[in-house]
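J.: Below are the structure tokens for one structure; questions will follow.
The values are calculated or read from the model by the stated rules, or taken from the named source; none is laboratory data. Because the structure is a prediction, the values reported are computed rather than measured. Quick reminder, even Gly has a Cβ in these numbers, built from the backbone with ideal geometry, and neighbours come from all protein chains shown.
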Ligand code: PLP
């Protein structure tokens with residue numbers, strides 16, 4: 001590595017996020033320089049198909065000029081204004097209006113933040129506030145799922161089921177965070193157990209936890225319609241249908257974390273639509289602006305909003321908010337993103353190309369490294385397995401996922417290894433020809449790792 005080079009400076013001064021920092025210290029990082037459609041190019045000029053859309057977010061690819069123009073226009077008109085103290089601006093109001101128009105039934109109001117973590121953190125605060133307003137101060141515990149991911153603030157990392165994001169950070173904080181099993185059917189089903197039976201077992205486990213803790217202490221259940229950071233895990237058949245009535249029965253709110261699934265990823269506008277979920281709160285981010293600006297939203301139902309009004313009467317103000325929550329430039333880009341989705345029928349496009357994507361990846365079921373392939377719309381997980389017949393995983397010391405990821409990189413494909421699962425979430429604009437190239441490069445990566 002050349003002294004004074006960009007890569008040397010990266011090692012010397014920059015702390016990468018969610019990275020093996022010991023490995024980074026030794027080998028450095030791949031630094032991206034530019035993008036074009038579904039492709040990105042690193043500082044050495046190497047081209048990659050970005051089959052993760054960055055972090056499940058760059059839905060319109062890496063060169064959508066209309067979004068740059070929308071940001072520039074807003075920067076010239078009103079580069080910043082806040083939404084505190086009964087002030088605001090048109091882009092935030094119009095985007096809130098648009099989101100409610102698109103949202104599942106029953107959601108009426110929107111709070112804006114900058115990240116998915118903040119959207120879920122706000123949801124947690126609002127749930128606690130809501131239960132205090134309605135005279136249920138004991139009802140505060142939150143249920144997440146093992147390998148679920150809801151963010152990296154103190155509260156959302158506590159709620160997530162990702163041990164490495166809690167270890168040595170002294171998380172989870174307090175005793176308000178509970179977890180139920182991971183719904184990865186392929187990996188965890190018992191011999192002979194159907195998907196419906198597996199889902200019923202998951203629901204029974206949830207109900208047993210609720211009864212053990214006391215329903216009067218449990219406020220909400222958080223779930224991603226498709227678990228992203230857990231490994232792109234689609235729910236088994238009947239899973240949400242089994243879970244929702246239990247939550248209703250025990251007066252427990254359902255929070256749909258649509259940070260990855262929202263805006264077409266699963267082949268509908270929302271993962272909630274794909275899986276028949278009726279949420280009390282919906283959080284979204286990422287594809288809300290196609291990742292061209294940091295923006296997230298927490299959509300709430302009328303009863304929760306009413307509790308905020310009652311709280312204001314009690315305290316004189318709703319004591320929550322961020323300087324950049326609902327930033328006008330981010331909201332203008334969000335509005336333009338939603339306009340592009342509608343004009344280009346992005347949901348329809350996902351439905352049209354999904355068979356090529358899902359069948360193209362499913363063809364790797366025959367590869368010696370691959371145990372299972374599952375997905376929906378334009379999100380899929382490929383599970384690597386040492387012995388398919390007995391579902392025996394690889395020895396973790398072999399780091400098979402990281403090896404496949406690295407070999408895919410060398411073949412010009414960005415994918416993400418999550419343990420032994422390889423996740424795919426390409427930009428929603430991907431074409432069938434690009435999907436074919438993506439699959440060809442994945443095959444090269446798998447073969448090189450074998
Ligand atoms: N929720 C889900 C489902 C996510 O996948 C993520 C990030 O990947 C988050 C929340 C956190 O979002 P952010 O990284 O924008 O804080």
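J.: When residue 112 is evaluated against the numbered criteria (1) within 23 Å of residue 297 (Cβ to Cβ); (2) surrounded by fewer than 24 Cβ atoms within 10 Å (Cβ to Cβ); (3) more than 11 Å from the ligand (Cβ to nearest atom), which criterion, by number, is the only one it fails?
T.: Of everything listed in (1) within 23 Å of residue 297 (Cβ to Cβ); (2) surrounded by fewer than 24 Cβ atoms within 10 Å (Cβ to Cβ); (3) more than 11 Å from the ligand (Cβ to nearest atom), residue 112 misses just condition (2).
J.: Given the options 125, 140, name the one that is away from the ligand (no atom under 16 Å from the Cβ) and touching a helix residue (DSSP H, G or I) at 6+ places or on another chain (Cβ under 9 Å).
T.: None of the others qualify; the one that does is 140.
J.: Tell me which of these residue 423 doesn't satisfy, since it passes every other one: (1) buried (at least 20 other Cβ atoms within 10 Å of the Cβ); (2) free of Cβ contacts under 8 Å to residues at least 60 places away in the same chain.
T.: For residue 423, the exception is condition (2).
J.: Here are 231, 214, 151, 192: which of them is within 11 Å of the ligand (Cβ to nearest atom) and at positive phi?
T.: Answer to the selection: 151.
J.: Just for segment 154-174: of the residues that are part of a helix (DSSP H, G or I) and away from the ligand (no atom under 14 Å from the Cβ), which one is surrounded by the most Cβ atoms within 10 Å (Cβ to Cβ)?
T.: Per the stated criteria, the residue is 163.
J.: Hey, does segment 15-22 have a residue that's more than 22 Å from the chain's Cα centre (by Cα), outside the structural domain of residue 402 (by TED's automatic domain parsing) and surrounded by 16 or more Cβ atoms within 10 Å (Cβ to Cβ)?
T.: Among the residues of segment 15-22, not one is more than 22 Å from the chain's Cα centre (by Cα), outside the structural domain of residue 402 (by TED's automatic domain parsing) and surrounded by 16 or more Cβ atoms within 10 Å (Cβ to Cβ), which makes the answer no.
J.: Which of the numbered conditions does residue 99 fail, given that it passes all the others? Conditions: (1) touching a helix residue (DSSP H, G or I) at 6+ places or on another chain (Cβ under 7 Å); (2) over 30 Å from residue 41 (Cβ atoms); (3) buried (at least 16 other Cβ atoms within 10 Å of the Cβ).
T.: (1)
J.: Which condition breaks for residue 242 when tested against (1) under 18 Å from residue 296 (Cβ atoms); (2) more than 10 Å from the ligand (Cβ to nearest atom)?
T.: Failing condition for residue 242: (1).
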